[in-house]
Each structure stands twice: as C-alpha cells, then as structure tokens.
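The values are calculated or read from the model by the stated rules, or taken from the named source; none is laboratory data. All values derive from a computational prediction rather than experimental measurement. So basically every Cβ, Gly included, is an ideal-geometry build from the backbone, and we count neighbours across all protein chains shown.
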Ligand SMILES: Nc1ncnc2c1ncn2[C@@H]1O[C@H](COP(=O)(O)OP(=O)(O)OP(=O)(O)O)[C@@H](O)[C@H]1O
Ligand SMILES: [Mg+2]
C-alpha cells in the first residue's frame, strides 16, 4: 500500500502534569477528509499545533510525504506542503482579497519570479492568486478590501491563502466557527470540493459538517484517540456517544 500523506506515530505531549496528547497515532490519505472531533479541552488544537510545527511533541513521530518532519520548523513544513489555515494574522484588512492571496503566492515562490520584469511578475502573481480565489469561490470579490468581506468570505480568503502555498495537506481548526447557517452551507460545499484534491485534517464541532464531509472520523478524549471509523460507525459507537456525541447532539 502507498504511504499515507500524513502519519502520526505515538505522539505524546504534556503541559506540566497535564497530558494533552497521549500515544496518538493516525493517518491522513491523499484526497481524504479525516475529521477530528471531541469535547472542549480534548487536545485537538494542541495536536494540530504539533503537526504544523507550532508546538513540539515530547515524543513520537510526525511523517509527511514519507519523511520524518517531527523536528522541522513550521516554515519548512509549510514549504513541503503542510498548510495550516485560520491563523488570524494571515489576512491584511486594507489589502484586497487578490493582494492578500498574491502575498501568499509570493511567499511560497520565493525568488522564482526574479528574472521577470516587474509588470510580468505582478501579472504572474495575480494569475496564481486569482486561481486560488477561484478554488474557494471568491473570484467575484477579488478586488474588495479584506475588511469589506463578510465573516464567511474572510474564511474563504483564509482558505485561498492556504491554497496559494500549493499545499498537499490542509490542517483546518474549526473552519466553520462563528459562521451563520448559510455561510456554513457554502463553506461545507467549498470544503467538499477541496477534499477531492487535498488531504484535509478537519477539527470541527459542527457535527452536520463533520458527517457531511468526512470519509473517516477520529474521536479524541483527554488526549487519546478513543475511536476511528466511518461517520456511520462513529455515530453508532456507544463509547463515543458517552464521551461526546450524546451531549453534543442533545445541546442542538
Ligand atoms: N500552552 C498551554 N499550556 C498549558 N495548558 C494548555 C496549553 N494549551 C492548551 N492547554 C490545555 O491543554 C488541553 C487541551 O487543549 P486544546 O486547546 O488542545 O483543546 P481542544 O480540543 O482544541 O478544545 P476546544 O474544542 O475547546 O478547542 C486543555 O486542558 C488546555 O487547557
Ligand atoms: Mg481547539
């Protein structure tokens, strides 16, 4: 069998006496949306941070594209194609959506446009940026300043910025947080489209989105993966219901 896109092997992380990641192993395949769900404080965000390189695990291994990246910096992982979206700092409000995406293209491409004349360079950057905006359905809003976008559109822009880095895998931490029902519907459609082209590790509390999008679901509780399976299997799992789903669905 081909190697998975991303593989976690026996990751562990503690903050003082608190174990936030306990022997976590999981895989993400190309073209797969793998959802990571679990109660508040289960350790989902700290796991994403270890994968992106924002936090170092105490032990265990993170493999990406068949290579051990556990000790690589966040920037190096990003250049290899591991993109984390929804970092607040990534959008400049006074720049247009297109300019924001173009900056990300420029960051990815480094000096590869250096032999272009300035006008040609700008055209090439804008073309790549526009392609990323098109992928997330934001092309019609390309020339608006980011500050004029709705909350949901800003999330689309953040996705476009991640895509401009030409990733292979996307790490998304609650991409639907704070969106209204219509915006959530639109984002779900966009994520479904992206899921066919990229591996996506999706942390999300919106169970409607999780069950609509994921091919596999893993449940994290107190830092441990207590179940991995198909959405239907996870929904029917009594251990999962007791740890998380029962209460979540009851709240809605
Ligand atoms: N820098 C830190 N120092 C100490 N404890 C931390 C730190 N970051 C997170 N924690 C603790 O680690 C545990 C896991 O937090 P984490 O943010 O990963 O949970 P989560 O699953 O993302 O929760 P939520 O669903 O609310 O986003 C929590 O108990 C949290 O308080
Ligand atoms: Mg979190």
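Quick notes
- Among the residues listed as 202, 213, the single one being at pLDDT 95 or above, under 13 Å from the mean Cα position of the chain (by Cα) and either closer than 22 Å to residue 5 by Cα or within 16 Å of ligand 2 (Cβ to nearest atom) (or both): 202
- Sole residue being away from ligand 2 (no atom under 16 Å from the Cβ), modelled with pLDDT of 95 or more and touching a helix residue (DSSP H, G or I) at 6+ places or on another chain (Cβ under 8 Å), chosen from 148, 132, 164: 132
- Flag for residue 11 being touching a strand residue (DSSP E or B) at 6+ places or on another chain (Cβ under 6 Å), more than 15 Å from ligand 2 (Cβ to nearest atom) and closer than 14 Å to residue 199 by Cα: no
- Among the residues examined, residue 158 qualifies as assigned by TED's automatic domain parsing to the domain that holds residue 103, within 13 Å of the chain's Cα centre (by Cα) and away from ligand 1 (no atom under 16 Å from the Cβ).
- Positions within the stretch 14-57 being within 16 Å of residue 74 (Cβ to Cβ) and either within 16 Å of ligand 2 (Cβ to nearest atom) or assigned to a helix (DSSP H, G or I) (or both), in sequence order: 45, 46, 47, 48, 49, 50, 51, 52, 54, 55
- Residue within the stretch 43-59 that is surrounded by 14 or more Cβ atoms within 10 Å (Cβ to Cβ) and without any contact (Cβ under 8 Å) to a residue 12 or more places away in the chain present: yes
- Residues of the stretch 21-41 that are within 9 Å of ligand 1 (Cβ to nearest atom) and surrounded by fewer than 23 Cβ atoms within 10 Å (Cβ to Cβ): 39, 40, 41.
- Options 83, 101; residue that is within 24 Å of residue 2 (Cα to Cα) and buried (at least 19 other Cβ atoms within 10 Å of the Cβ): 83
- Where residue 146 falls short, out of the listed (1) more than 19 Å from the chain's Cα centre (by Cα); (2) more than 20 Å from residue 200 (Cα to Cα); (3) without any contact (Cβ under 8 Å) to a residue 24 or more places away in the chain: (3)
- All positions within the stretch 60-74 that are surrounded by fewer than 17 Cβ atoms within 10 Å (Cβ to Cβ) and within 14 Å of residue 168 (Cβ to Cβ): 65, 66, 67
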